[in-house]
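The values are calculated or read from the model by the stated rules, or taken from the named source; none is laboratory data. Everything quoted here is computed from the prediction, not taken from an experiment. Backbone-built Cβ (ideal geometry, glycine too); neighbour counts: all protein chains shown.
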Amino acid sequence: MIEYTGIISRIESKDVFVFDEESKTEIRCSLRGKFKKDFNLKKDKLYQTDFAVVGDFVNYSLNQDHTGVINKILERRNHLSRKAPKIKGASYRGERLEQVVASNIDIFFIITSICSPEFNNKSVDRFLVTGESSKMNNILVINKTDLDQEKLSSKWFEFYSSIGYKTILTSTYSYEGIDEIRKMLIGKTSLFWGHSGVGKSSLLNSLFPEINLHVGEISQSTNKGKHTTVTVTMLEPSENTFIIDTPGIREIEPYGIKKEDLGHYFIEFSEYINLCRYNTCTHSHEPNCGVISAVIDNKISEVRYESYLRMLETIEDDLHF
Ligand SMILES: Nc1nc2c(ncn2[C@@H]2O[C@H](COP(=O)(O)OP(=O)(O)OP(=O)(O)O)[C@@H](O)[C@H]2O)c(=O)[nH]1
Ligand SMILES: [Mg+2]
Ligand SMILES: [Zn+2]
C-alpha cells in the first residue's frame, strides 16, 4: 500500500480534508480506526480536534474511490491552543479541556479592529499570552483604521510597539498595511485568529483577491460579527504560502497556564521578575516584588499590569486547566 504525505486543510465532522502538494487537490479522508478508539476513551466529542487539526502533516493511503485513510499524524513543530469554550459537551468532569486551533504555524496574526467591534486591549493581552505560551511568532494587526476618527489606532500602535510587539495598522478599504502583511506571508504558514467581525476573511481577500472568502456583516445591535466563517480552513494562495482563516471566537482563555508562570507571558515583565524576592511570586500581593516596583516606577504600564491581574484571577478560579 502506497503512503502519501499531506497537510490537513479543513475538518468537517468526520471528514478530514488533506491537501496534496503535488496535485494541489484536497482529498477527503477518514481517520483510521485506532484513532477512533482513543477518541472514545476521551468520551468527549469535541476532542477529535486533539489528535487531528488543520496544519497537521499526515501519512495517508488512498482507497479505490480516491478517498483516503489517515494512518498517522506526524509530530507537530508547534500548535496553538486555548481552553475549550464553556459550552455543553465541552467539559469532562468539570475540567476545561484543551482545544487545539491549528498546528505548524510560522506567524500568528492576532487580528483586531479599532472599532466595529471596538478595540479591547484586555482581549489583545489574552491573545498575546496565548501566543507567547504556545511559543508563537506573534503579530498584532489593528484593522478598520478607515473608521478611526479619534486616531486611537496610532495610540495602540505605539503602545504595543513599545512593549516589543510587531504591530500593523490595516484597512481593507484604504489598503493600508496590506502590502506589508503580504510581504511577511510569502513562503510561510500564517494563522489569522481573533473575534468575529474584525475582518479576518476580508483581510485575506484583500491580500489574495482570488480566494474570495465569505465575508459577513456586523450586527447593528451588538456591534459584533455574526460568526460568518464556520470552519478553520487552510489555503495555498501562492506557491508554498499557506494561510489559515478561522471562525471568530467569543472568548479567549489560554490553556494550561500556571499562576506563577503567567508573568513570563507578559514579555516586558521578564527583566523585573528576576528581582522578586520569591521565585513563586505572582506579582499581586507579595512583598519585594520586582514587577510591582516596576509598575510604581512607570517602567511597566499600569494598563498591562491590570490586564495581568485580571487574567491571574481567572486562573485562580480554575482548579484544573
Ligand atoms: N470599514 C471597514 N470595514 C471592514 C474592514 N475590514 C472588514 N470590514 C467589514 O467587517 C465585516 C466583517 O468582516 P469579515 O471579514 O467577515 O470578519 P471576520 O473576522 O472574518 O468574521 P468571522 O468570520 O465572523 O470571524 C464586513 O462587513 C467587512 O466588510 C475595514 O478595513 N474597514
Ligand atoms: Mg471570517
Ligand atoms: Zn513579583
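With a cut-off of at least 3 residues that are modelled with pLDDT under 95, name the strands (runs of 3 or more DSSP E) lying wholly within region 47-139. Don't jump to the end; show me each part of the working.
Values: elements: 57-62, 68-73, 79-83, 98-103, 107-113.
Result: 68-73, 79-83, 98-103.
If we keep just the residues of region 207-237 that are away from ligand 2 (no atom under 13 Å from the Cβ) and surrounded by 14 or more Cβ atoms within 10 Å (Cβ to Cβ), which is farthest from Val16 (Cα to Cα)?
Pass one, region 207-237, residues away from ligand 2 (no atom under 13 Å from the Cβ): 207-210, 219-223, 234, 236-237.
Cutting the leftovers down to surrounded by 14 or more Cβ atoms within 10 Å (Cβ to Cβ) gives us 207-208, 219, 234, 236-237.
Numbers: Leu207: 27, Phe208: 25, Ser219: 32, Met234: 12, Glu236: 17, Pro237: 20 Å.
Filtering region 207-237 for residues that are away from ligand 2 (no atom under 13 Å from the Cβ) and surrounded by 14 or more Cβ atoms within 10 Å (Cβ to Cβ), the one farthest from Val16 (Cα to Cα) comes out as Ser219.
Within the bounds of region 168-184, is there any residue that is within 23 Å of Lys83 (Cα to Cα), within 16 Å of ligand 2 (Cβ to nearest atom) and surrounded by 17 or more Cβ atoms within 10 Å (Cβ to Cβ)?
Of all residues in region 168-184, those within 23 Å of Lys83 (Cα to Cα) come to none.
Within region 168-184, none of the residues are within 23 Å of Lys83 (Cα to Cα), within 16 Å of ligand 2 (Cβ to nearest atom) and surrounded by 17 or more Cβ atoms within 10 Å (Cβ to Cβ).
What residue, of Ile252, Ile300, is within 16 Å of ligand 1 (Cβ to nearest atom) and in contact with a helix residue (DSSP H, G or I) (Cβ under 7 Å, 6 or more places away or on another chain)?
Working: Ile300 fails: within 16 Å of ligand 1 (Cβ to nearest atom).
Selected residue: Ile252, the only one of Ile252, Ile300 that is within 16 Å of ligand 1 (Cβ to nearest atom) and in contact with a helix residue (DSSP H, G or I) (Cβ under 7 Å, 6 or more places away or on another chain).
So Gly164 fits all but one of (1) surrounded by 14 or more Cβ atoms within 10 Å (Cβ to Cβ); (2) in contact (Cβ under 8 Å) with a residue 40 or more places away in the chain; (3) closer than 27 Å to Ile267 by Cβ; what number is the exception?
All conditions pass for Gly164, except number (1).
Look through region 287-309, keep the residues that are on the phi < 0 side of the Ramachandran plot and not in a helix (DSSP H, G or I), and return whichever of them is farthest from ligand 3 (Cβ to nearest atom). Talk me through it step by step, then tell me what you get.
At the first step, the residues of region 287-309 found to be on the phi < 0 side of the Ramachandran plot are 287, 289-297, 299-309.
Those still in the list that are not in a helix (DSSP H, G or I) too: 287, 289, 297, 299-301.
Working: Pro287: 9, Cys289: 3, Asp297: 14, Lys299: 13, Ile300: 11, Ser301: 16 Å.
Here the residue is Ser301.
Filter region 291-315 down to the residues that are under 15 Å from Cys281 (Cβ atoms) and among the β-branched types (Val, Ile, Thr) and list them by number. Before the answer, list the steps.
The initial filter retains those residues of region 291-315 that are under 15 Å from Cys281 (Cβ atoms), namely 291-295, 300, 305, 308-309, 312, 315.
Passing the criteria: Val291, Ile292, Val295, Ile300, Ile315.
Consider region 3-13. How many of its residues are farther than 12 Å from Val69 by Cβ and surrounded by fewer than 19 Cβ atoms within 10 Å (Cβ to Cβ)?
Number satisfying all stated conditions: 4.
In region 217-224, is there at least one residue being at pLDDT 95 or above and under 20 Å from the mean Cα position of the chain (by Cα)?
No; the residues of region 217-224 include none that is at pLDDT 95 or above and under 20 Å from the mean Cα position of the chain (by Cα).
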